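Report on one structure; see the data block that follows.
The values are calculated or read from the model by the stated rules, or taken from the named source; none is laboratory data. Every value quoted in this text rests on a predicted model; they were computed, and no experiment measured them. Virtual Cβ from ideal backbone geometry, glycine too; neighbours counted across all protein chains shown.
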Amino acid sequence: MTAAQRAMTELGTWPHLVSGPPRCSIGHAFGPAGHDLVHFHSDDCADLYLTAPAVQRLLPHLRRTSAVRVHPGASWITVLLECDTDVQLLLSLVSLALKEQAGRAPHACPAPPCDWERPRAS
């Protein structure tokens, strides 16, 4: 079982998370009803919606780990999933993202689409 599969299995047990296809139509997503929160596009990484203010606030911490990729000004981050420690990091960040979502009005706009792109064929 890959690290991504272990993370998806765990997230599937979390109350209030719905699983299904992401808005970008590639892979698998989890999030509160009507919102994409985390996308699994491959077996080795996950994209997570934190909100731009949360990413900015956490940026010094996020940059300390080699498992996280952050693009300037982005509201989505990528967590590379290679081991159980990476899975635990992702689950902690999903918990944080859920807390960020809880602070928003229930009718607030859903997450913007992730910026995942398919790898180009060589």
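Do we find a residue being modelled with pLDDT under 95 and at positive phi anywhere in region 69-77?
Yes, region 69-77 contains at least one residue that is modelled with pLDDT under 95 and at positive phi.
I'm trying to understand the selection: among the residues of region 33-43, which are buried (at least 16 other Cβ atoms within 10 Å of the Cβ) and part of a loop (DSSP other than H, G, I, E, B)?
Matches in region 33-43: H35, D36, L37.
If only one of H71, H39 is touching a Gly at 6+ places or on another chain (Cβ under 6 Å) and either touching a residue at least 40 places away in the same chain (Cβ under 8 Å) or hydroxyl-bearing (S, T, Y) (or both), which one is it?
H39
Mind checking which residues of region 7-29 are out of contact with any Pro (no Cβ under 9 Å at 6 or more places or on another chain) and surrounded by 18 or more Cβ atoms within 10 Å (Cβ to Cβ)?
Passing the criteria: A7, M8, L11.
So D47 fits all but one of (1) without any contact (Cβ under 8 Å) to a residue 40 or more places away in the chain; (2) touching a Phe, Trp or Tyr at 6+ places or on another chain (Cβ under 8 Å); what number is the exception?
(1)
Quick grid of which residues meet (1) of a type outside the set (S, T, N, Q); (2) modelled with pLDDT of 90 or more; (3) out of contact with any helix residue (DSSP H, G or I) (no Cβ under 6 Å at 6 or more places or on another chain):
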| site | (1), (2), (3) |
| --- | --- |
| A4 | yes, yes, yes |
| L11 | yes, yes, yes |
| H39 | yes, yes, yes |
| S42 | no, no, yes |
| C45 | yes, yes, yes |
| L48 | yes, yes, no |
| Q101 | no, no, yes |
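Scan region 13-37 residue by residue and report those that are hydrophobic (A, V, I, L, M, F, W, C), within 14 Å of the chain's Cα centre (by Cα) and at pLDDT below 90.
C24, I26 - these are the residues of region 13-37 that are hydrophobic (A, V, I, L, M, F, W, C), within 14 Å of the chain's Cα centre (by Cα) and at pLDDT below 90.
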